[in-house]
Amino acid sequence: MLHTASVWLTTTLGVQRYICVCHPLKAKTWCTMKKTLRWIGAIFLVACLPQLYLYLDNYPLAVEIPSAVEANKTVSSCKWVSLIKNQETRSVIYTVYFWYLAIAVNFIPCVTLVVMNVLLIRAMRQAEKRRVELLRQNRRRASRRLRESTSTTLMLVIVVSIFLIVEIPLGIARKPSVPLHSSWSR
């Protein structure tokens, strides 16, 4: 759940920075604090929903079992019980869940972030050309502001690139394995 939220928060940050750098006039209406907080809330809500089946599928049930140490005594224990008894149904649910993770948590965010990074790098190169032109025109204050904005964008590109270096192999390594019984691990 937290991984899904962090992936989409990073994607939102990348998209917002792209809007701010490449479409500054639209940023004033699209990247407001109120809209950002709404996006954060929506991301956490949507990140929670697919995980619900994990908590509904397996739940602990208190049971009494014979003691392994003392004869004629019982001890309290718990075992995992599944609400879904049919293995075919569990297999379908898990397959849908796997593909949701593969597409919505790995593929779409990673592709979006790669595209945003490429566009931001291109915008930074254009900004550097503008900055040099501003320096030639002896407009140092405007040049300094542009350099600061470019530095912030570069920092985001580096953070997102490190994120992608970690996230892409994770998405590739993910394997669809169907749980065989009700006590499969999370």
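The values are calculated or read from the model by the stated rules, or taken from the named source; none is laboratory data. These numbers were taken from a predicted model, which means no experiment stands behind them. Here the Cβ positions follow ideal geometry from the backbone for every residue, glycine too, while neighbour counts run over all protein chains shown. The accessibility values were calculated without ligands, DNA or RNA, using every heavy atom of the protein model including side chains. Shrake-Rupley method; radii C 1.70, N 1.55, O 1.52, S 1.80 Å.
Summary table
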| read-out | value |
| --- | --- |
| Search result, residues across region 1-16 that are open to solvent by less than 10 Å² (accessible area, probe 1.4 Å) and more than 9 Å from the chain's Cα centre (by Cα) | 14 |
| Residue selected from region 80-114 under the condition touching a helix residue (DSSP H, G or I) at 6+ places or on another chain (Cβ under 8 Å) and more than 30 Å from residue 154 (Cα to Cα), by the criterion surrounded by the most Cβ atoms within 10 Å (Cβ to Cβ) | 90 |
| Matching option when the condition is among the hydrophobic types (A, V, I, L, M, F, W, C), free of Cβ contacts under 8 Å to residues at least 12 places away in the same chain and more than 30 Å from residue 127 (Cβ to Cβ), among 27, 71, 62 | 71 |
| Filter result (surrounded by fewer than 11 Cβ atoms within 10 Å (Cβ to Cβ) and of a type outside the set (A, V, I, L, M, F, W, C)) within region 29-47 | 29, 34, 41 |
| Complete set of residues in region 115-128 that are within 25 Å of the chain's Cα centre (by Cα) and open to solvent by 100 Å² or more (accessible area, probe 1.4 Å) | 122 |
| Per-region count, region 1-55, residues aromatic (Phe, Trp, Tyr) and more than 21 Å from residue 106 (Cβ to Cβ) | 2 |
| Cβ pairs under 9 Å, 6+ apart, first in region 32-47 and under 21 Å from residue 102 (Cβ atoms), second in a helix (DSSP H, G or I) and open to solvent by 80 Å² or more (accessible area, probe 1.4 Å) | 47/2 |
| Residue within region 129-147 that is in contact (Cβ under 8 Å) with a residue 40 or more places away in the chain and either open to solvent by 30 Å² or more (accessible area, probe 1.4 Å) or among the charged types (D, E, K, R) (or both) present | no |
| Residues (modelled with pLDDT of 80 or more and either closer than 15 Å to residue 15 by Cα or part of a loop (DSSP other than H, G, I, E, B) (or both)) located in region 153-178 | 153, 154, 155, 156, 157, 158, 159, 160, 161, 163, 164 |
